[in-house]
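One structure is given here, and the rest of the page talks about it.
Please treat every number below as a calculation from the coordinates, not as lab data. Fair warning: this is a prediction, and the values are worked out from it, not measured in the lab. Note that each Cβ is placed from the backbone with ideal geometry, even for glycine, and that neighbours are counted across all protein chains shown.
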Amino acid sequence: MIIYNLFPLLVGQFGEWEGHLLRASRMGFDWVFVNPVQQPGDSGSLYAVADYFALNPLFTDTTIKKSAREQLEEAIETARGLGLKVMIDLVINHCAVDSPLLKSHPEWFAWKARGQVAHPSCDEDGKRVVWKDLAQFDHQGTRDKDGLYRFLVSVVKFLIDLGFTGFRCDAAYQVPRGLWERLICEIKRDHPQVLFVAETLGCQPEQTRKTAAAGFDYIFNSSKWWDFHSSWLMKQYILTRELVPSIGFPESHDTVRLCEEMQGNLEGVKQRYLFAALFATGVMMPIGFEFGFRKKLHVVKTRPTDWEETGIDLTGFIARVNAVKAQNMVFQEEALTEIEISDNPNVLVLWKGATRTKQEALLILNKDRWNRQQFHANNLYDYIESSGPLVDVSPGSRLDYLPTPFHYELHPGQGLVLVTEARPADNEP
């Protein structure tokens, strides 16, 4: 999955999606992920869904005769015509605190003393954050467990009928594993093409593993926060690699914009996208990343007027990275991955070996986004198991010849991407 996150509050009405979908397609994305487009509660948050079967009026053009549903279906059909499948958030851990469901089905919710509904919360930097505009479903304790479950199935089927063929399952680890197993199994029985992706960021690796085992097709990984030195990322990767493929991202709608975080250093922005795209099976990028946007996306306040004119255009680079991923199978699976020893600690050498094909890859990445760094290897073939030949498929300038010994001066943040196919003789006893 090479995913473009179209943030609906930044884009606006469904009729405005086409130009952004066309750009995503031209950059080589094959999926589009949209955040919730259903009717929110009074808080206006996309993730505080009040009516699961109505659409957010912010996205509907009331000056035309087509209904809100017809406008959305037309946008999804446009995506399909461009070769894009469309995924949406599935929010079933909670709903809006002012949703009519609290009155019609109070038994579906967790309640505190004195008749107060429970709000979802999380620990963020040592502080407890409580979302008071949300009401927590009680999946475990409700006396009408089957009624709540049937309601959730109807929500999923409604979204599938609209044309969505994938679901990013929000706060998946906070929903019981048994519910996911039942829901995913039932939906896939009638719609085997539909994919479920677990959002598990913020939970412990073992908790991620247990959630992933519920039948999810993908999980999101934490490579965005790796410092290129610590051991934790590889430990997490190994823990889940054989269980479920993962999706990396350089930033998301929940994080600070990478260009802002890096103070406008575009070499660092490109470095992180290249790494996220090639580290794991899938990659996701939010709208605006390609133009170096610096204003954080907000699930309540963002509007089309927040579109930024930056003078930056990374679409060509992103398209080339996506092409490297799409054209080389080693970057389309949770491949065997090892960090190799480099003569320069400022240079990352990452080896990947495909399990479904005979392909191997070396990513030689300058960790330093400000300065050039020297890389030297007596023989590049010491890093791989195959006898070659190694081919440079880098998204930037490519080397036609890889000498032995090999010496190269990497530009700030630059990555060399070398791949090889094992020869038949390499697999003979």
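Hey, could you get me the Stokes-Einstein D for segment 96-148, Kirkwood radius over alpha-carbon pairs, 4 °C and 1.567 mPa s, rounded to whole µm² s⁻¹?
Details: Rh = 11.8 Å.
In µm²/s, the coefficient rounds to 110.
Dividing the summed helix terms, -39500 (n - 2.57) for each DSSP H run of n ≥ 4, by the number of residues in the chain produces a 222 nm estimate of -8000 deg cm²/dmol to the nearest 500. Net charge in the neighbourhood of Ala323 (other residues with Cβ under 13 Å of its Cβ; Lys, Arg +1, Asp, Glu -1) is +3.
Quick check on my link table: of Lys270/Lys358; Lys103/Lys224; Lys224/Lys358; Lys296/Lys367; Lys112/Lys296, which ones sit more than 31 Å apart, alpha carbon to alpha carbon?
In this structure, Lys103/Lys224; Lys112/Lys296 exceed 31 Å between Cα atoms.
How much of the calculated P(r) for the chain lies past 33 Å, in percent of all Cα pairs? That tail contains 37 percent of the Cα-Cα pairs. State the Cα centre-to-centre distance between segment 1-73 and segment 131-171 in whole Å. Here the answer is 19 Å between Cα centres. Positive-end ranking of Asn371, Gly353, Tyr383 along the dipole of segment 342-383, with charges on Cβ about the Cα centre, is headed by Gly353. Taking 7 Å steps out from each Cα toward its Cβ at Ala118 and His105 produces label points 1.7 nm apart.
The GNM of the chain, with springs linking C-alpha atoms under 10 angstrom apart, assigns the highest mean-square fluctuation among Glu309, Glu73, Glu199 to Glu309. Scalar couplings 3J(HN,Hα) for segment 257-263, obtained by applying the Karplus form with A = 6.51, B = -1.76, C = 1.60 to θ = phi - 60°, are 4, 5, 5, 6, 4, 9, 6 Hz; x denotes Gly and Pro.
Extension gain for Asn344-Trp370 works out to 7.8 nm (0.36 nm per residue, less the C-alpha to C-alpha distance).
Coupling constants for segment 369-376 follow from the phi torsions by the Karplus curve (6.51 cos²θ - 1.76 cosθ + 1.60, θ = phi - 60°), and in residue order they are 8, 10, 10, 6, 9, 8, 10, 9 Hz; glycine and proline get x.
The label point for Thr62 and the one for Asp98, both projected 7 Å from the Cα toward the Cβ, are 1.7 nm apart. Mean-square fluctuation check for the chain, GNM, Cα pairs under 10 Å: which of Val155, Val175, Val130 is largest? Result: Val130 has the largest fluctuation of those listed.
Relative to the present Cα-Cα distance, how much length would full extension add between Ser231 and Arg150 at 0.36 nm per residue of separation?
Length gained, Ser231 through Arg150: 24.9 nm.
Taking other C-beta atoms within 10 Å as the exposure proxy, Val299, Val11 rank Val299, Val11 from fewest upward.
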